Amino acid sequence: MGTEPERPPAAADPAPAAFHYGPGHMIMHGNAVFVAIFGQGVVGQPAREAMIGLPAKAFELMDLVYTTGKPGACRVMTHEGEKRLVVAPRRDPETGEIYGVTTHLRPIPA
């Protein structure tokens, strides 16, 4: 009597995620967390110029995934500590051609 139903636990905070187009990794879209971290003006900019603070290996991984079409991940140091950068290729469904990559900066589980 008068008891409230249990609520499911809150979803984990979303990770910064973005879609990058072409070999220059032009940022075409970033979720709200990505934009909050890297800045309002990052959309339309090349990743190497806009994602300030990421080490060179982050962009080398993006290049590798774009070239090979195989997803990859690596640990990177950010201003918020160590994160896991996950990069996945984006393919045209009709031709199979890789036209970009998506990136996600995930927390590293303790």
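The values are calculated or read from the model by the stated rules, or taken from the named source; none is laboratory data. All of these numbers come straight from a predicted model, not from anything done at the bench. Cβ atoms come from the backbone with ideal geometry, glycine included; neighbour counts cover every protein chain shown.
Is it fair to say F34 is of a type outside the set (S, T, N, Q), crowded, with 16+ Cβ neighbours inside 10 Å and at pLDDT below 95? It is false that F34 is of a type outside the set (S, T, N, Q), crowded, with 16+ Cβ neighbours inside 10 Å and at pLDDT below 95. The number of residues in the range 55-80 that are at pLDDT below 95 and under 18 Å from A17 (Cβ atoms) comes to 3.
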